[in-house]
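Have a look at the structure below before the remarks.
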Amino acid sequence: MHFCLLGIICSGAPANADFSLKVYKDAKAEGGVNWAGMRLYLLGLSDGYGYANVVLVKRQQPPLFCPPENLGLTADNVIDILEKTISAMTVMKRMSDDTIIDYTLLQGLEATFPCKH
C-alpha cells in the first residue's frame, strides 16, 4: 500500500500510523503542507486517545489522562504538549530521532492531565 498524508510521507513502503521524531522535525522545518498534515495527524491522534478514554470509563476502567471536562484541545495545544514532552525527554536522554512521537504525545497528555485515581 502507498501512503501519503498531505505530502508528509509518500513512499512505496507499507503504511503505518507511527511517525518518528525525525519525521516530525522535518515536517515542522519544511512547513507548508507537510506541517499542516502533521498538525492534523497529531490532533487526530489526540482525539483518538480521547475516544479511548471514553471507552475505558464506560468499561469502568481508569482513563489514560484526565483533561478538564470543558477543554477542547486544539492543534496548537497538542503541539505545545508534544514539544514540552520532547524537551523533557531530550534532557533525560530518552529521545532520539527514531523515537515514535505517537507514544510521546500520550506520555505528554498523561503528564499534563494526570488523573486522581
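Brief remarks follow.
- Consider region 35-53 and keep the residues that are of a type in the set (A, V, I, L, M) and closer than 18 Å to residue 25 by Cα. The one that is surrounded by the most Cβ atoms within 10 Å (Cβ to Cβ) is 38.
- Taken as a whole, the condition of being part of a helix (DSSP H, G or I) and in contact with a Leu (Cβ under 6 Å, 6 or more places away or on another chain) applies to residue 53.
- When region 63-76 is filtered for residues that are in a helix (DSSP H, G or I) and without any contact (Cβ under 8 Å) to a residue 12 or more places away in the chain, only 76 remains.
- As a summary of the residue check, residue 115 satisfies the conditions (1) touching a residue at least 12 places away in the same chain (Cβ under 8 Å); (2) crowded, with 17+ Cβ neighbours inside 10 Å except for the one numbered (2).
- Checking each residue in region 41-58 for being charged (D, E, K, R) and closer than 17 Å to residue 71 by Cβ picks out only 47.
- Selected residue [touching a residue at least 12 places away in the same chain (Cβ under 8 Å) and either in contact with a Pro (Cβ under 7 Å, 6 or more places away or on another chain) or of a type in the set (Val, Ile, Thr) (or both)] from 90, 99: 99
Computed from the coordinates by the stated procedures, all read-outs in this text should not be read as laboratory data. Values in this document were obtained by computation on a predicted structure and should not be read as measured data. Cβ atoms come from the backbone with ideal geometry, glycine included; neighbour counts cover every protein chain shown.
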